[in-house]
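Below you'll find the structure, written out as structure tokens, and then a few comments.
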């Protein structure tokens, strides 16, 4: 029993190291970055009068662009971290073949496996 626990810890550690070693530049996932709306920002975040928001003064536009740049600076790293956590959860923590046997996993059954001798 102790041997199994040691192997499991080593497996989890190896998986974590492998995920950390993946360079962020090689990720091809697209992130769903929501575009911000000036009118919503103006009324909800800046709490400005609706008449002033309709005017869209250059100062308000500048404030909105600064706010949007600040939010976007943190949004992509957040989404990358969230994706890594989901991948770790799916591939390492819940990748137990006894809990997810192939005969009950339709997606794994339907994946095509290339033949070793292509003709």
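The values are calculated or read from the model by the stated rules, or taken from the named source; none is laboratory data. In this text, all values refer to a predicted model and were calculated from it rather than measured experimentally. Cβ coordinates were reconstructed from backbone atoms using ideal geometry, including for glycine residues, and neighbour counts include every protein chain displayed.
Only one of the numbered conditions (1) surrounded by 10 or more Cβ atoms within 10 Å (Cβ to Cβ); (2) at pLDDT 90 or above; (3) farther than 24 Å from residue 95 by Cβ is violated by residue 72, and that is (2). The number of residues in the stretch 75-95 that are at pLDDT below 85 and touching a helix residue (DSSP H, G or I) at 6+ places or on another chain (Cβ under 9 Å) comes to 4.
Given the conditions (1) in a helix (DSSP H, G or I); (2) at pLDDT 65 or above, which single one is not true for residue 98? The failed condition is (1). As a summary of the residue check, residue 109 satisfies the conditions (1) loosely packed, with under 10 Cβ neighbours inside 10 Å; (2) part of a helix (DSSP H, G or I); (3) modelled with pLDDT of 65 or more; (4) over 17 Å from the mean Cα position of the chain (by Cα) except for the one numbered (3).
Is it the case, given these coordinates, that residue 67 is at pLDDT 85 or above and touching a helix residue (DSSP H, G or I) at 6+ places or on another chain (Cβ under 7 Å)?
yes
Scanning the stretch 36-54 finds no residues that are in a helix (DSSP H, G or I), at pLDDT below 65 and either at negative phi or out of contact with any strand residue (DSSP E or B) (no Cβ under 9 Å at 6 or more places or on another chain) (or both).
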